[in-house]
Every structure is written in structure tokens, then in C-alpha cells.
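The values are calculated or read from the model by the stated rules, or taken from the named source; none is laboratory data. All values reported here derive from a predicted model rather than from experimental measurement. When we count neighbours, we look across all protein chains shown, and the Cβ atoms used for this are built from the backbone with ideal geometry, even at glycine. Quick note on the areas: whole protein, heavy atoms, side chains included, nothing else; ligands and nucleic acids left out. Shrake-Rupley method; radii C 1.70, N 1.55, O 1.52, S 1.80 Å.
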Amino acid sequence: MSDNNDEYWMRHALMLARRAWDEGEVPVGAVLVHEGRAIGEGWNRPIGHHDPTAHAEIMALRQGGKVIENYRLLNTTLYVTLEPCVMCAGAMVHSRIGRLVFGARDGKTGAAGSLLDVLGHPGMNHQVQIEEGILATECAAMLSDFFRHRRAEKKAQRQAGKLL
């Protein structure tokens, strides 16, 4: 797959991340692609769904499995704006995706090499090809902007409380 296609799908994932932001969720988006078409997409929704597993990647994998009517998502590429956590990396191994493309690294919980390397662990029964850094600046900026905005809101709320 060419870099141009990778950028196209990562831009789609960024648009999905914006949906998460609009819903008050951490802005992470994911799109699952098979044979050049999106078969699953998701954005973070654990707060709104009251579900700790409602990460963007899990939502996209679930939808993809329903579309192709198989839990094995062979020959697919998952595009995600942020390096996956341990839970999501495990789901990728179990679903047998072929390739992961992510934007920004996550030094706190990343399981594709930053904190842990679940996807590259030699003991895993399936290896996922990893491509990182596609639109990394845009992906990281969205997350930074979200948390800066959230901190500013909390500060304004504290100050408003003091004025009352």
C-alpha cells in the first residue's frame, strides 16, 4: 500500500478522533481497511458507553468482524491515530489483522514498542506488521490540544467557583 493511501486513511481516522473530542472523549480514531475499502471504524467512547473496552480500535475491529462475518480479520490494515494500548494490541493479535498503521506514539500506555511491545513479542501466535508515524504531528497535536483545552476548562470552573 502506498504512503498516499496511508495518509488518506489516517486523515479519515483523524476525522473520527474529532468525533470523540466532540463527545468529550479522548480523541482517538481508528479505521479498518480491507481491499481498499473501510469495513470498520471507531472512535473512543468508553465514557459515553460506560464501557472500558470501547476504545477506537476495538470499535473498528468489532464492526469489521460483523461486515466480513468473521472474527479473523485477515489481510486488513488498521489505521489508528495513537499507538494502541495492551488491550487493543491483544485484540489485534487475536483478530489476525495484517498491518497496523498508527500516528502518534504513546509513552504512557503504548503497546507497539513505546512502553511494551505486545505486537512484536516473539511468543505471540500472530505477528502484525507495524508502520508508525503517519501524520504523527497532526495526531499528536489533536491530543495535546484536547488536554490543554480540558485543563483550561477545569481551571475556569475552579475560578468560577471561587467567584461565587
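Could you tell me whether residue 87 is part of a loop (DSSP other than H, G, I, E, B) and out of contact with any strand residue (DSSP E or B) (no Cβ under 7 Å at 6 or more places or on another chain)? No; evaluated as a whole, the condition is false for this residue. For the stretch 96-122, a residue qualifies if it is open to solvent by less than 10 Å² (accessible area, probe 1.4 Å) and more than 15 Å from residue 139 (Cβ to Cβ), and the qualifying residues are 97, 111, 119. Selection within the stretch 1-50: residues that are open to solvent by 50 Å² or more (accessible area, probe 1.4 Å) and part of a strand (DSSP E or B). The member of this set that is farthest from residue 65 (Cα to Cα) is 37.
Among the residues of the stretch 78-125, the one identified as closer than 12 Å to residue 61 by Cα and of a type in the set (S, T, N, Q) is 95. As for the stretch 62-78, it holds at least one residue that is of a type outside the set (D, E, K, R), within 20 Å of residue 133 (Cα to Cα) and within 11 Å of the chain's Cα centre (by Cα). Quickly run through the stretch 123-155 and pick out the residues that are surrounded by 19 or more Cβ atoms within 10 Å (Cβ to Cβ) and on the phi < 0 side of the Ramachandran plot. Residues satisfying the conditions are 128, 134, 139, 142, 143, 146.
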